[in-house]
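The values are calculated or read from the model by the stated rules, or taken from the named source; none is laboratory data. Note that this is a predicted model, so its numbers are computed, not measured. Every residue, glycine as well, gets a Cβ built from its backbone with ideal geometry; the counts of neighbours run over all protein chains shown. Protein only, heavy atoms only, side chains kept; ligands, DNA and RNA dropped before computing areas. Shrake-Rupley method; radii C 1.70, N 1.55, O 1.52, S 1.80 Å.
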Amino acid sequence: DLVPREILWASFGIALVIAATTGLASHTAAIDSISPWGAVADASHVLFISLWAGGLLSLLVVSHFLRGPQNALLAKRSLTRFSTVAVLSVTGVLAAGLVLSFYQVGSVDNLVATTFGLVVLAKILLVGPMLAFGAHNRRVSIPRLPDPATVVEAARRVARNVRYEAALAVCVLIFSGVLTSLVPSTALAPPPEQPHQFFLDQTK
């Protein structure tokens, strides 16, 4: 507990404000039929992915403090706590992501036939390996942290997987930034079913 709780709660409050502001300015918030729930879903998605990816990047920064027998207790406490936060964050990311995909992509055809859908698909393909690394940490490595005989090796494996997860998280955040500059698939006008003539009368 190196950071005072007041600073942690203040930081969390600022994060909530940023997530809410982002949600209010999102593509989904502009859909009148689901307002204000679209903004809520988008803000939740931003908040949960920030907790997950931000936690991974934070662990990556302090990973050298979690190595060696002298840091075994710190590694056990830090990694166990983050594992719990990660499970909650992943659940929130998946739930909010499904809602956003339904309203912004709309169909499987749009997922593979539009630029917006392809970027969403790329995010999904990156999240899959992240989930695999996280599941391995939670089921295999973290249960070995309480054992003094395996804590050092377990912490080393968790730190290695965190590096991989963090790299994937950076890619996910980049794709998320790209999505903000694209038009959602559901907002694109569908092509006409039959070719038709277009007439324009103009007087000058």
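Annotations for the structure displayed:
- Residue match in segment 37-59 (condition: closer than 18 Å to residue 145 by Cα and among the charged types (D, E, K, R)): no
- Residues in segment 88-107 that are out of contact with any Ser or Thr (no Cβ under 7 Å at 6 or more places or on another chain) and open to solvent by 60 Å² or more (accessible area, probe 1.4 Å): 88, 91, 94, 98, 99, 102.
- Any hit, segment 182-199, residues being open to solvent by 60 Å² or more (accessible area, probe 1.4 Å), at pLDDT below 85, within 22 Å of the chain's Cα centre (by Cα) and under 28 Å from residue 38 (Cα atoms): yes
- Pairs meeting the criteria (first residue in segment 140-153 and among the aromatic types (Phe, Trp, Tyr), second residue crowded, with 19+ Cβ neighbours inside 10 Å, beta carbons under 8 Å, at least 6 apart or on different chains) are lacking.
- Test set (1) touching a residue at least 60 places away in the same chain (Cβ under 8 Å); (2) of a type outside the set (Gly, Ala, Ser); (3) open to solvent by less than 60 Å² (accessible area, probe 1.4 Å) - residue 62 fails condition number: (1)
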